[in-house]
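Working notes, structure below.
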Amino acid sequence: MARNRVIYQSEAVYVTQGTYDGGATAAATDGNDSLTSKNINGFPTGVRNLDRVQSANYSFSISRQDVNQFGELASIDRIITDTPTVSFDTSYVMANLANEHLLGFEVTPSGTSSAASKMVSCISGLIDATTTAHQKNYFILTTKEGADAVNLTDSGRYESIIGIGNGFLSSYSTEAAVGGLPTANVSVEGMNMNFVNLPYSGYSVSAGAAGPTDNAGGWGYTAGTKYVGLQSITGANPAIIPSNGVKVGDDTDPTTAAFVALPVPSGNAGTNVGEGSAISALRPGDITLSLTKKTSDALTDALLAGSTTTSNLIQGADIADAHIQGYTLSFDLSRTPIQRLGTKFAFARPVDFPITSSLSIDAVLSDLTTGSISEIINCDDEYDAVIKMRDPRCKESTNKPLVACFVARGLKIDSESFSSSIGDNKNVTLDFSCQIGGPEQKGVGIFMSGYRGTEG
């Protein structure tokens, strides 16, 4: 029978860890962390699924130009003259920074010795034009109706794969508020989208070919001691070659890596309970936000360790005594497609600089401070904000380990908004902004540190 609907139970979201054109054979390691999750018949899949996904939306649009002429009212044709726009956005509940690491952000591992000195701008890898690692493919895997996607080892229950090729991260935001779970939102711009019904049979397996074993058509099986049975679901690579718009590889030849191998979706990230991998979600009570005046460009461990907000930082609002209700940290990586004569697709999508990040803080106001707008203008102070998310599980120690930490440096205040009404508390909204610097700039930008996944 035809299915009646598709719901969240039946879907899983993936992102590649190698280059967009590397297919299933792309090597993908970062330091001591294996980003490939599992080996399929001895080679890495180069693809990982995101955890705790709450939504996944995708679309494409094609711009056309009408061709009109004298003597006829309607156009004689409607020609595609611009690069098509493929959009993908997803949101997920935060429990660590494993998803951020998979998406390509620079995340300093939690517990690293002298962590501050090793932290670099979170977008360092995304703006590195010397590699194609910032171009990733994204996938939405769908199972048949009534089947959970996670840990599904029955190959007959997988239905389709939707792929977004040559995806560039275009925006990121994270927010938390009293009474809710912290979440993150990501938007991606891609160049191509494909749809594959399963089982995928667009390749043939020959002796010695660098592809998964074709068992019952398009399924990857292994008989190893660690992973036994169905380990991957094979589909088509959605990526194209930007210079000519031709799809990557050859569907009939697995040696060209035209296929992709999606691992069977896993549950929560990681296996090491001691490093935050078993956390399902973070609680608002385990999140703290501190705001201090910037005194140095050096990114020190003392800044990460400090959790006390000084009084009278902001004119009109005693921020130390304010009861913070929520925050939103966000930035856009807008890109301008660069085209040339002779090509139908943009050969590059560089980031538009400068990049400005925004931090908005909502708080219940208890005390006011003395000051005026003129003092803000005359002093024009810079601030550092540290957002800490600690392990929510029961611990004997009062100093619970950090599973996620965001540092925003070089913030300047843009606005203060006060509101008061009958039946409500007096509230203040503080809006800050800062620019994001390069890898060598430690005094300004957004930095990330925390648990980022250690599967191998």
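The values are calculated or read from the model by the stated rules, or taken from the named source; none is laboratory data. In this text, all values refer to a predicted model and were calculated from it rather than measured experimentally. In this analysis, Cβ positions are derived from the backbone assuming ideal geometry, glycine residues included, and neighbour counts consider all displayed protein chains.
Could you check, for region 135-148, whether at least one of its residues is among the hydrophobic types (A, V, I, L, M, F, W, C) and within 21 Å of Arg409 (Cβ to Cβ)?
Of the residues in region 135-148, the ones among the hydrophobic types (A, V, I, L, M, F, W, C) are 139-141, 147.
Checking which are within 21 Å of Arg409 (Cβ to Cβ) leaves us with none.
So far as region 135-148 goes, no, none of its residues is among the hydrophobic types (A, V, I, L, M, F, W, C) and within 21 Å of Arg409 (Cβ to Cβ).
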* Looking at region 65-102, which of the residues that are under 26 Å from Phe447 (Cβ atoms) and among the hydroxyl-bearing types (Ser, Thr, Tyr) is surrounded by the most Cβ atoms within 10 Å (Cβ to Cβ)? -> Thr90
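Here is a yes/no grid of residues against (1) at pLDDT below 80; (2) within 30 Å of Ile162 (Cα to Cα); (3) among the hydroxyl-bearing types (Ser, Thr, Tyr); (4) assigned to a loop (DSSP other than H, G, I, E, B):
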{"site": "Ala278", "(1), (2), (3), (4)": "yes, yes, no, yes"}
{"site": "Ala281", "(1), (2), (3), (4)": "no, yes, no, yes"}
{"site": "Ala298", "(1), (2), (3), (4)": "no, no, no, yes"}
{"site": "Thr308", "(1), (2), (3), (4)": "yes, no, yes, yes"}
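Is it the case that Asp431 is surrounded by fewer than 20 Cβ atoms within 10 Å (Cβ to Cβ) and modelled with pLDDT of 90 or more? Please lay out each step first, then the result.
Numbers: surrounded by fewer than 20 Cβ atoms within 10 Å (Cβ to Cβ): yes; modelled with pLDDT of 90 or more: yes.
In short, yes.
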* Asked: Out of region 1-29, which residues are buried (at least 18 other Cβ atoms within 10 Å of the Cβ), modelled with pLDDT under 90 and not in a helix (DSSP H, G or I)?
  -> Thr16, Gln17, Gly18, Thr19, Tyr20, Asp21, Gly22, Ala26, Ala28
* Structure fact -> Filter region 221-242 for residues that are modelled with pLDDT under 75 and not in a strand (DSSP E or B); the one that is surrounded by the fewest Cβ atoms within 10 Å (Cβ to Cβ) is Thr225
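Can you go through Leu289, Leu341 and tell me which one is modelled with pLDDT of 85 or more and either aliphatic (A, V, I, L, M) or part of a loop (DSSP other than H, G, I, E, B) (or both)? Explain how you work it out, then say what you get.
Working: Leu341 fails: modelled with pLDDT of 85 or more.
The conditions single out Leu289.
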